[in-house]
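Just so it is clear, none of the values below were taken in a lab; they were calculated from the coordinates. As the structure is a prediction and not an experimental result, all values here were calculated from the model. Ideal geometry is used to build each Cβ from the backbone, glycine not excepted, and the neighbour counts take in all protein chains shown.
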Amino acid sequence: MKIKMKVRFYPLDFEYKLRGGKPFVHLYGKLENNTKICLIQEYQPYFYAKIYSQDEELVLTKLKNLTVEDKHKQAKVVSWEKVDKELLGKTEQFHKIFVNYPRAVPLISKELQNWGLECYEKDIVFVHQYFRDNKITPMTLIEAEGDFINEKLFRIPVFLAESVTQESREEIKKLKILAVDIETYNPDKIINPDKNPILMVAFYGQDEDAKEYKKVITWKNFNHDLDYLEVVDNEIELLSKFREIVLDYKPDIITGYFSDNFDFPYLKARADKFKVKLNLGLDYSIIDTGKISNLREGKTKINGILHLDVFKFVRNIFGKNLKTDSYSLNAVSDELLGHQKHDVNIAKLADAWDNHPDKLKEYCEYNLQDTYLTLKLCQKLIFDMVAFTKIVGLPLFDVTRMSFSKLVESYILKRAVDANVLAPNRPGRAEIDQRMEESFQGAFVYEPTPGIYENVLLFDFRSLYPTIISAHNIGPESLCCKCCSEFKVPEREQYWFCTKKKTFLPSVLERIILRRVSLKRLIKETKEKNETDNVAILEARSYALKTLANSFYGYMGFFGARWYCLECAKSTTAYARNYIKDTIKKAEDKGFQVIYGDTDSLFILLGDKVLDEAMEFMNEINFDLPGHMELEYEGRYPRGIFVAAKGSDKGAKKKYALIDEQNNIKITGFETVRRNWSLLAKELQEKVLRLVLEDKVDEAVNYAKEVVQDLKNGEIDPSKLIIKTQITKELASYSSIGPHVAVAMKLLEKGINVTPGMVVEYIIAKGSGLVRDRAKLPEEVKPGDYDHDYYLNNQLIPALSSIFLVLGYSEDELFSDSSQSGLGDFF
């Protein structure tokens, strides 16, 4: 009898294929000695159906002979078994129906639905189902039992596994990463891979031993002293060389910035044009760039090499953790790495290529710098990426491209396997439309009185919504149970939740909360030991848990959610309003002056009390809070400013600035933290706020006057006047054409793909006509050629007026009948 082998390896990339008509999952990864292998394991796809007892014999007889034609295959049922599963709190019997290959799941389940049967989990991604059922996690150490087999269709050894188990939760530490970036010929600023060639390709890599690799390939000869530059004869050779380098370097991860939608699709299009096979897959497959349209972004897949588009992860997940209002490579690198792109005018590359080859050296350096920044960003963010993968339990390729709602749902699906819970079906179009029309009351706001305050104390409820959901067992399974109707939701007395049995959804969330509490304790201990690398990993995990926990409330009210429960979302906000109101009342009963309260935050004045009294008040609040709810002291601020809402004397919600005891400023709600305001307005507002909070009012006024005068004189750098606005939907859906939409339409005319989520940059230039007609791309506006009246009235005055009003300037002083209204007259 042949003894089975065991291997321990880290799975990185995944797919499935049919072998002899049977479905096999392919796991590409590395052994502990860094040898690459492909582990394959047979895995049968399935779904669930609800077959009532009176129809069971007839249905099962029909199932035996059921086939559905699918191109060159026949979808059919392989077997079935009875199982008990919990669905929305109720345990029932279902039939688990196995089919012959993954695409047979939607085909067979659709046929059963035509018979009048209810089918579930018919749209679960096959590879995702494999990971959940086998309880293994990508990027971590697993053990497989089986044997190596002879396979000529792979570039690496193939191991046929009979069993796969999780060996350790420790993630892979040593990774070989290669960053790629291309520069293209673009004289008309039109992205056109059918017409315009690729001029250069840059690579920056680092292997498991931190050895660096750098290379730029181009196909134009010029004088240079770059040791990393290689010149080939033409673009066809450039494409062939690109393929050769990737295959020779053998990266575990290939990364880019916006590489899903630009670099790889462009490379693929040019390679197809010249019939160059980019068969980079470890199974000799050609790269798959997916379908790119105005409705769908591409996803470039290279079988066996994990492709990470850093931009996608930053935009979808990590960006909310950044201060920058732009997700450009330059802005993100500047914040996270302290490095920027090389300062060259990329718009003049085509001219340099045609007429000034002596200038191409700086473009090669620019190209390489982009790959260097991308590599370093990937290395810095890999802890966060892997943290999400470990928590959600899905391939890193998919996780980095997920929205928050998708991450939450994926985590719930993972926990559902352990809890023997069946996932509800996603809503259909009609149900989604109905859900989208529903709304509910949000958070309670205790409006501030505009003014400047001394000794402000800030308290926050830690993870308010998640802890409310956990503490009050809020979930669709526990809603309006038969046993606890006396525990009404405040302000929502038609709702209550079971207090006797913890149900699925709140228990899943509680698990996240408890894990994060433990992690925070571990982070503190690790910091005390000065274990820097471990701190980074732990903090990444903590951020991932926090992100998931805070997204649960929004998920329950999200119209596309499987576990949608509007009553739960309404109840969560109702409890939140109740807790903040109760805390405000107790603070006032203790003699504290409350100046502002909003959702989960409370601002009180210390007044003539001492800090110990405030801490005693906080402890009394926490003593009465249920579950894991807790009021936390966030800090003391010697001075703070709260301003009025626009056109009102009432305090503005979520708009204040505070200065702490270390002279750091906390700014919330002002234009300085918004994307669609120019850098000039942001810098001016932030400087004025700092001066005001430092009690230097006269200096603040004089500084503002100087900036306004420079603006009028045309002395402001155009780069400080760029306005950035996000395209939130398809361009055809806009009924009102604003400046950002007009600029986006110009980009579309140039062949640049414009998709929802894209940030458009523009400057309002001098001239007559509508503002949208004067919205220009930044490179089209020369120094001094901006509309200073527009920026004064629409950027600077709105950024400053509410601050100066608090300082005591009356409306008569600020607004007059002159042609320059508002603060323009003041200046």
query = Viscosity 0.692 mPa s, temperature 37 °C: Stokes-Einstein D of the stretch 674-826 from its Kirkwood Cα radius, in µm² per second?
reply = 196 µm²/s
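How many percent of Cα pairs in the stretch 380-532 exceed 23 Å?
Numbers: 6855 of 11628 pairs.
It works out to 59 percent of all Cα pairs.
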inquiry  = Taking the alpha-carbon distance from Lys500 and a cut-off under 15 Å, which aspartates and glutamates remain once sequence neighbours fewer than 8 residues away in the same chain are dropped?
reply    = Glu477, Glu486
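Only Cα pairs under 8 Å and at least 6 apart count here; give the relative contact order of the chain as a rounded whole percent.
Working: 1522 pairs, mean separation 79.4, N = 827.
Reported relative contact order: 10 percent.
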Helix-derived mean residue ellipticity, 222 nm - over the chain, DSSP H n ≥ 4, -39500 (n - 2.57), to 500 = -11000 deg cm²/dmol
request  = Assign one of three labels to the chain, namely rounded, prolate or oblate, based on the Cα gyration tensor with a ≥ b ≥ c the square roots of its eigenvalues; rounded applies when a/c is under 1.5, prolate when it is not and a/b is larger than b/c, and oblate otherwise.
outcome  = oblate
Spatially proximal aspartates and glutamates relative to Lys273 (Cα-Cα < 20 Å; intrachain offsets below 8 disregarded) = Asp181, Glu183, Asp194, Asp233, Glu235, Glu237, Glu244, Asp260, Asp263, Asp288
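Taking the Cβ-Cβ separation of Asp188 and Ile346 as r and a Förster radius of 22 Å, what is the calculated FRET efficiency to the nearest 0.05?
FRET efficiency, Asp188 to Ile346: 0.95.
What order do you get for Met745, Met385, Met5 when you list them from fewest to most C-beta neighbours inside 10 Å? Can you show the working numbers first?
Working: Met745 16, Met385 22, Met5 12.
The order, fewest Cβ neighbours first, is Met5, Met745, Met385.
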query = What is the set of long-range amide H partners of Gln726 at a cut-off below 5 Å, with H atoms built 1.01 Å from backbone N?
reply = Val760
note = For the stretch 581-688, listing GluC sites (Glu not before Pro) in a DSSP loop whose Cβ sees at most 10 other Cβ atoms within 10 Å gives Glu661
note = Residues Ser285, Ser736 in order from fewest to most other beta-carbon atoms within 10 Å are Ser736, Ser285
inquiry  = Take the residue pairs Lys323/Lys682; Lys320/Lys546; Lys195/Lys729; Lys646/Lys724; Lys348/Lys750; Lys173/Lys376 and return only those whose Cα atoms are more than 18 Å apart.
reply    = Lys195/Lys729; Lys646/Lys724
query = Any idea how far the Cα center of the stretch 267-288 sits from the one of the stretch 564-605, in Å?
reply = 58 Å
inquiry  = How would the stretch 177-392 be classified by its alpha-carbon gyration tensor: rounded, prolate or oblate, with rounded meaning a/c under 1.5 and the a/b versus b/c comparison settling the rest?
reply    = rounded
key: Directionally averaged projected area (convex hull, Cα atoms, the stretch 173-258), nm²   = 6.8 nm²
ask   = For all pairs of alpha-carbon atoms in the stretch 493-604, what percent lies in each bin of width 10 Å, listed from the first bin to the last filled one?
value = 12, 28, 30, 25, 6, 0
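Which whole-number percent is the relative contact order of the stretch 196-335 (Cα, under 8 Å, 6+ apart)? Provide the component values of the computation, followed by the final result.
Values: 187 pairs, mean separation 24.4, N = 140.
Rounded, it is 17 percent for the stretch 196-335.
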request  = Round to a whole angstrom and tell me the spacing of the C-alpha centers of the stretch 429-453 and the stretch 721-782.
outcome  = 29 Å
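Kindly identify the stretch 5-171 as rounded, prolate or oblate by the Cα gyration tensor criterion: order the square roots of the eigenvalues as a ≥ b ≥ c, call it rounded if a/c is under 1.5, otherwise compare a/b with b/c, prolate if a/b is larger, else oblate. Display every interim value, and only then the final one.
Details: a/c = 2.94, a/b = 1.81, b/c = 1.62.
Verdict is prolate for the stretch 5-171.
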query = How far is the Cα center of the stretch 300-320 from the Cα center of the stretch 617-687, in Å?
reply = 33 Å
